Structures are given as structure tokens and as C-alpha cells.
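Here the structure is laid out as C-alpha cells; the discussion comes afterwards.
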Amino acid sequence: MSQENTLEKLSKDRRFGTDGIRGPIETTMNPLFIAKLAWSAGRVLKEEGIASSILIGKDTRISGYMLESALQAGFISSGMNVILLGPLPTPAVAYLAKSNNKAGVVISASHNSFEDNGLKFFNKDGYKISSSIEKKIEQKYSQPIKVVEAINLGKAERLSDAKGRYIEFCKSSTPNLDLSGVSLVLDCANGSAYAVAPKIFSEMGAKVIPIAVEPDGININEKCGSTNPQLLQETVLSTKST
């Protein structure tokens, strides 16, 4: 089977839903599909005058490394510049997209188990891309990949202070909130907030008791997180916290 036929087969039933694209790594989120999707998105974002650079953030799933690399290759081949953020919550990617006047994409499957992953795209205003742009990306995907001339290839860099910028933004959003004297249990679900959430609340004065802050790539949402509140409940009771 030719590469184009393979890509056509991979793209079947892979369309933007109400919250981006999401599915199992072994099938839906195959790196071949992701690389071509990034090329398609990059071409549309540039042709529509939306952005010429894109931020890439991710959660802590082990597949994030693979999808980050596939996205990077696809965007660069389309002429888009890439800025890597590392593990960050989805709202952080939206905020950094807006504050840097660039598009953004986050690699995450929210509360799903580690076997799944997904993508969500943002405009440079920090909001999800419109359904009309999603449709144009799907239409572009049906075309053969045509890598831009070498002189027009995108470049990649890393935003080293991404976490610090988001922490300061969160604190500045509630300048009069003083959490001094508050004992606060934070369930970070071994996910993307593990490095920023405890710092945000501790710097606002709270005594933070963080749980599920040791991600290993496969333990995201495992016996923790929004669908498994038992550990949070037990820790709140045992520490007499909030």
C-alpha cells in the first residue's frame, strides 16, 4: 500500500469533534496521521493569515513525546515555526498563545487513561479554532503533502520560562486572594498541572498538600483525578484540610 493510501486509511473517521481530536494511540492518534494533520493545519493557519508560529504543549502521557515530535515535523514541513512548552495545563497553552500572539495546540486526552491522547488547537486570541477552520484543515488533509522549499521551512525552539509565566498570570488574576492559614489538598492526577498548581497555591499563602504529583507517563488519572476522587477525599479527612 502506498504512503498516500496508508494516510487516507488512517484519516478515515478521524475528524474534529466538539473538543478537538481524541482517541487511542494505536489507531486514531497514529504518528503518520498526526504529522500530516500538522502539515495540513500549518498550511491552513498560514494561508488564512491566522498565524505563522504555533506553541505546542502537552500533558504527561508517555505518548506525548511521540506526538510532539510528529507535530513538530509536520508544522515545520508546512513552513510554520514551532515553540515547545513541555508539560502544561490546557489553559496555560491558551494563555500563552494569546499573550505571545501565536497559535497553539495542546496534546492531551483530559481524564482518559494513558492509552489515549488527543489534540486541541487554539487561535492566537487563546480561543479554540473555529469549526470553519477545522473544516478547512480536514479538506487540506485530503491533499498530498507538499513540503515547502528548504528556505521556507519552519524552525523550532523551546520557551524555557513557560511554567513561570503561567504561574505569574494565575497569581495576578486574583491579586486580593490571600490563602494564608488554608490547608489545601491538591490532586494533580499525575498530569500536566503537577509542576505548576502546587507552586501557584503555595505562593498565594496556602499550606499545600500535593498528591498524585509523580507522573511516569502511564499513571495519569490512575486512582486519582476527577473520575477517581477517593484519594483526595481520604487525604482531606486524614489531614483535616480543605
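A compact table of results
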{"quantity": "Of residues in segment 220-230 being of a type outside the set (K, R) and surrounded by fewer than 17 Cβ atoms within 10 Å (Cβ to Cβ), the one farthest from N117 (Cα to Cα)", "calculated": "Q230"}
{"quantity": "Within segment 177-190, tally of residues that are touching a strand residue (DSSP E or B) at 6+ places or on another chain (Cβ under 8 Å) and either under 12 Å from D59 (Cα atoms) or not in a loop (DSSP other than H, G, I, E, B) (or both)", "calculated": "6"}
{"quantity": "Residue match in segment 198-207 (condition: under 27 Å from G86 (Cα atoms) and free of Cβ contacts under 8 Å to residues at least 12 places away in the same chain)", "calculated": "yes"}
{"quantity": "Residues located in segment 97-113, provided they are modelled with pLDDT of 95 or more and over 13 Å from S192 (Cβ atoms)", "calculated": "A97, K98, S99, N100, N101, K102, A103, G104, V105"}
{"quantity": "Residue that is surrounded by the fewest Cβ atoms within 10 Å (Cβ to Cβ) [pool: residues in segment 161-182 that are free of Cβ contacts under 8 Å to residues at least 40 places away in the same chain and under 23 Å from the mean Cα position of the chain (by Cα)]", "calculated": "S172"}
{"quantity": "Unmet requirement for S160, which otherwise passes all of (1) outside any loop (DSSP other than H, G, I, E, B); (2) out of contact with any Pro (no Cβ under 9 Å at 6 or more places or on another chain); (3) closer than 22 Å to P87 by Cβ", "calculated": "(1)"}
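The values are calculated or read from the model by the stated rules, or taken from the named source; none is laboratory data. In this text the structure is predicted, and so the values were computed from the model without any measurement. No Cβ is skipped: glycine too gets one built from the backbone with ideal geometry, and neighbour counts run over all protein chains shown.
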